[in-house]
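These notes concern the structure reproduced below.
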Amino acid sequence: MEAKATLKYARISPRKVKIVLDLIRGKDAGTAMAILKNTNKSASEYLVKLLGSAIANAVNDPGKQMDETKLYVSECFVCPGPTLKRIMPRAKGSADRILKRTSHVTIVVKERD
């Protein structure tokens, strides 16, 4: 039995999210939530909500009804979403391209045996 939550089109680079996801992979849900709340990274704000959603999906879905104390983060990954292309004016009438990256983040929680 597993429950998952997905966040799509988050306006943060996948590279920044991956650093924080590596901290919580394989940890108990409560421990992972504590780590995220005390991590001083911009990605942790997105991931606190996402992990909370995955836990709620595991506990409240009629077919699953898992025990919240036995949950752990079985897998978590980030994929790049579409990149927004913007232009910044530079000297002599030229321009530089600014890439505003987005992320699709997935967290899966399972129940320990």
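Since every read-out is calculated from the coordinates, none of them should be taken as a lab result. The structure presented is a predicted model; accordingly, all values stated were derived computationally and were not measured. Don't worry about glycine lacking a Cβ; one is built from the backbone with ideal geometry, like all the others, and counts go over all protein chains shown.
Stokes-Einstein diffusion for the chain at 20 °C, viscosity 1.002 mPa s, with a Kirkwood radius from C-alpha pairs, works out to 141 µm²/s. Label separation (A56 vs K27): 2.1 nm, computed from points 7 Å beyond Cα along the C-beta direction. Screening the chain for DSSP H helices whose Cα atoms reach 18 Å or more along their own axis and whose mean Kyte hydropathy is at least 0.5 gives 42-60. Tally Lys and Arg at +1 and Asp and Glu at -1 over the other residues with C-beta under 12 Å from the C-beta of K41: what net charge comes out? Local net charge: +2. Across G52, G30, G93, mean-square fluctuation computed from a Gaussian network of the chain (C-alpha pairs under 10 Å connected) peaks at G93. Note on the chain: GNM, Cα springs under 10 Å; of L23, L50, L71, the largest mean-square fluctuation is that of L23.
Restricting the trypsin sites (Lys or Arg not before Pro) of the range 1-58 to loop positions (DSSP other than H, G, I, E, B) with no more than 13 neighbouring Cβ atoms within 10 Å leaves R11.
Below 12 angstrom from the Cβ of L50, what's the summed charge of the other residues (Lys, Arg +1; Asp, Glu -1)? Taking every Cβ under 12 Å from that of L50, the sum is +2. Counting Lys and Arg as +1 and Asp and Glu as -1 over every other residue whose Cβ lies under 12 Å from the Cβ of M88, the net charge comes to +4.
Projecting the Cα positions of M33, L7, G93 onto the charge dipole of the chain (unit charges on Cβ atoms of Lys, Arg, Asp and Glu, taken about the Cα centre) puts G93 furthest along the positive direction.
Taking the Cα centre of the chain as reference, the dipole from Cβ charges on Lys and Arg (+1) and Asp and Glu (-1) amounts to some 1060 debye.
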